[in-house]
1. Could you tell me which residue of the stretch 74-124 is most open to solvent (accessible area, probe 1.4 Å), considering only residues that are assigned to a loop (DSSP other than H, G, I, E, B) and of a type in the set (S, T, N, Q)?
2. Can you find a residue in the stretch 707-722 that is farther than 30 Å from Asp634 by Cα and in a loop (DSSP other than H, G, I, E, B)?
3. If you go through the stretch 656-696, how many residues are among the hydroxyl-bearing types (Ser, Thr, Tyr), surrounded by 22 or more Cβ atoms within 10 Å (Cβ to Cβ) and farther than 21 Å from Arg495 by Cβ?
4. When Leu240 is evaluated against the numbered criteria (1) part of a loop (DSSP other than H, G, I, E, B); (2) open to solvent by 50 Å² or more (accessible area, probe 1.4 Å), which criterion, by number, is the only one it fails?
5. Suppose we keep only residues that are assigned to a helix (DSSP H, G or I) and β-branched (Val, Ile, Thr) within the stretch 623-656. Which one would you say is farthest from Asp534 (Cα to Cα)?
6. When Val618 is evaluated against the numbered criteria (1) hydrophobic (A, V, I, L, M, F, W, C); (2) in a helix (DSSP H, G or I); (3) within 15 Å of His505 (Cβ to Cβ); (4) touching a Pro at 6+ places or on another chain (Cβ under 9 Å), which criterion, by number, is the only one it fails?
7. Within the stretch 213-227, is even one residue more than 20 Å from Asp84 (Cα to Cα) and either in contact with a Phe, Trp or Tyr (Cβ under 6 Å, 6 or more places away or on another chain) or among the β-branched types (Val, Ile, Thr) (or both)?
8. In this structure, does Leu521 turn out to be part of a strand (DSSP E or B) and surrounded by fewer than 20 Cβ atoms within 10 Å (Cβ to Cβ)?
Amino acid sequence: MTQKRKLQIAAAALVLIAMIATGTYAWTNFDSQQLNEWRGLRSIDGGNNPGGTLHNDFAANGADKDVYVENWGDAPLFVRLRLDEYMELGSGAGKPGPDNQAKPLADIAKLDDLKTWSRHIPSSDDSPELCIIPGSDNTFHDYWSWEMGGEKYYYPAPDDLKETIVNGSYYIDQSSPFDLTASSPDSPYGKPATQTLPAEAITMQRWIDLGMPLGNYWVIDSDGWSYWAAPLLPGQATGLLLSKVTLFNPPEQDYYYAINVSGQMATNDGVDAQGNPDSFINFSSSDNGGCTDEALILLELISNKINGGTEPPFQEPTGAPTPTAPQGATATPAPTNAATPSSAPSAQPTDNVTPPPSSSPTPTSSPSPSSSPTPTSSPSPTSSPTPTSSPSPSSSPSPTSSPSPSSSPTPTSSPSPSSSPSPTSSPSPSSSPSPSSSPSPTSSPSPTQTPTPTPPQREIEPSANIEGILSSIQSVLDEARAQFIQWSGVPASQRNVEENMGVKHKMLWIGVVNGAKRGVLYTMTAEDQQHFLDMSAEFERKVEEWTHNNLDIEIDVVFPTRTIDITYAYPANHVSEAMLAPELEAYGVLGSYDSVMVGATINCGTLLGLKTAGLENVYGYSSVWINSPGHINDLEYNTGVAIHEWLHQFEALETLLDITYPNTHAYEGPGSYPGYRRTTDLIKFYEDVIKGDVEYTNPVTGEVLYVGLFPKMFNVTHKLLAGAEVTLKNLDSGKYLSGSKSTFSIYEDDISNTINQNWILQYIGSGAVQIVLQEDPSLCIDASDNFGYDPNFNKYYKLSRCFAFKENEDGTYSIHSLASSNQVLQIGGAGTDGLTLGAFEGADNQKWIVQLLP
């Protein structure tokens, strides 16, 4: 489609400002709004307001209310809708002017101001049709019941109207009767009755819990936007978002109730006349309503589907790292009550991408005996986690409540010295095969006896002590949770806080000296680079002081000079990990750093910072824009943004430890985060999070806790959770399990020591792991389809991607799926030669020799 279309807002009975933009390929976004009214004790005196490509079939004062979207173009579409509600009770309800003495249910709402109406945001994951009014004890659903989801027959939009603009708005179709069937006659304008797709309305959290499926779902996000969870193909219409609205409790007073439907649609790509993005990424712009991080993931998956499902969601970076070795950039702060780090960033920016040798940990170093927990002996079969077992509440969440692990495990990291044994350590004696599994000499037969021949027994090479490693990780989690239970009942001022624990947290700060966007070059000046160095020093000083020096932060600052093109960044205007892949690889980030902070001067609009990887990954990743309007080289403000994005990286602690943990936005207060107080002093809020001193009042029980980070939580590191890097050798075939990121497939390989045979056992608690491909940590083994995408236990949990390793009597391991009782990974079975799932029978094709990578 080459015709340009417009981005604009339209509404019935109200005049809104129109936003207009053009596109070079297909149309990008548009808003279409339709006001629907129900009036009590008075007749309806309202009309239709044509516009857009939204179908909004509504019977005045009737129950039927069908909202859906038709794609009559020639390109797949991204679709999202929003439903805003308003209700008032009293004399003159629904009338403009002085005769209206009615009172709105929501105190701040105004009849004539759509921006004040309440977005329909589900009050629970189980009831997407129910919502609450923020700050009010009342609810629309004290009077009205909704039915969401379903399908219907409809008449496609008439050709002569669907592209017309009336009163500044595209056509909105309301011409489909409610009783259409497959045999209904054509519409008056010659269109046959056509069936929409079916639909189920679910919340965003429910979609995440289901494993982020693409399909016929309306996914209702926490900001009120509902997303069609699949590309809407030409000729298709979405299923129904809303299908019926029923008044079940008529008010005694006059009443007025209205639902405002807003729609936005976009194509997969395109730019405007100025070269700016003109596609679905514009959903993230505040001008278009913005979207959450979870919605960005959903949109990314849809885009990946449109691209054929084999292309990476992020554009691969161009260029190569500068081969010269950098000088360590240091900027020594003047700390207050803070320990001096052993290696502080230097004052001189560098322009290359190889880290100073002194700042890289030796990959083969082993933790000292005093700092590393000794692996315990392998648990007996009765103590091994079973697919259906749950931990006790005092230990950790069960696998069925823990989301899946991170998408970026480290290929070279060792478990933290304070938490788990070194991968280079020898397996404990308990992991060696039992005597019964080794060949034993047989007695010589007597001269009068004919010996019975026995088949030769093969010697099985011992597996690593996986159960011991996972047990060591769990002990660290248990200690952290126990400290939360012990300390969260009293404020920080009343605790005997430990000090100077010296838990290491190593960070890499990358300053993007030359960033390009749509052909425009954004360059860090010498002043900008010094500001970035000062930010890193202030970050280190503040956080170490707030943690009582329990966290020893070490920061390397580098400034690569190659031009990094973020034109096709996703999310929009974000320097993603993929774009910095050469730098991250050259610095050995997966094995050397706990967290990466990226800073740039690229004009990011309203996006000041973004976190894309956190504790659930092997390292965290956040970016900040250091020259936001009004805050150019503002040290306090920009350091605060960096701390904010860094704190997002720890939010997985809530799920991993099964505790109350404050969202980094909890300063917004009870409207969005019940139980927390609203605050305007953000730096003080961040300090309270890091001190474990954020006051939280349970809205149900009234219990008061003081929550945030506690000293032993600093031992729960990204590297700790990447518990082991292994190869998996099938006992029956003697071949190694391999994976391919290019074909999203799993197979056996005769050749050992190839990169695609390396797997990371990412710990998710209760003895369970995800098996992540080291070559591409966005892929993990999935019991349902071999490969799953983007394993991240905090948000994108899927039970079929979770496994428990159980040691067999011969020293091998069987790998049990937590999704199916007694089902294990095996080679062959069910008429196939590849990786399958089968009932455990102890056969050699179900056994695996697990070896740690050197």
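The values are calculated or read from the model by the stated rules, or taken from the named source; none is laboratory data. Every value quoted in this text rests on a predicted model; they were computed, and no experiment measured them. Here the Cβ is made from the backbone with ideal geometry for all residues, glycine too, and neighbour counts use every protein chain on show. Side chains included, ligands, DNA and RNA excluded: accessible areas come from the protein's heavy atoms. Shrake-Rupley method; radii C 1.70, N 1.55, O 1.52, S 1.80 Å.
1. Taking the stretch 74-124 as the starting set, the residues that turn out to be assigned to a loop (DSSP other than H, G, I, E, B) are 74-76, 90-102, 105-109, 111-112, 117, 120-121, 123-124.
Those left that are additionally of a type in the set (S, T, N, Q): 91, 100-101, 123-124.
Working: Ser91: 73, Asn100: 33, Gln101: 129, Ser123: 63, Ser124: 46 Å².
Among residues in the stretch 74-124 that are assigned to a loop (DSSP other than H, G, I, E, B) and of a type in the set (S, T, N, Q), the one most open to solvent (accessible area, probe 1.4 Å) is Gln101.
2. First pass over the stretch 707-722, keeping only residues farther than 30 Å from Asp634 by Cα: 711-713, 715-722.
From what is left, the residues that are in a loop (DSSP other than H, G, I, E, B) are 716-717.
Yes, because at least one residue in the stretch 707-722 is farther than 30 Å from Asp634 by Cα and in a loop (DSSP other than H, G, I, E, B).
3. So the count comes out to 1.
4. (2) is the only condition that Leu240 fails.
5. Of all residues in the stretch 623-656, those assigned to a helix (DSSP H, G or I) come to 635-648, 653-656.
Okay, now just the ones that are also β-branched (Val, Ile, Thr), so 639, 641, 643, 655.
On the way: Thr639: 9, Val641: 14, Ile643: 14, Thr655: 34 Å.
Per the criteria, the residue is Thr655.
6. For Val618, the exception is condition (2).
7. Looking for residues that are more than 20 Å from Asp84 (Cα to Cα) and either in contact with a Phe, Trp or Tyr (Cβ under 6 Å, 6 or more places away or on another chain) or among the β-branched types (Val, Ile, Thr) (or both), one finds none in the stretch 213-227, hence no.
8. Judged against the criteria, Leu521 is a match.
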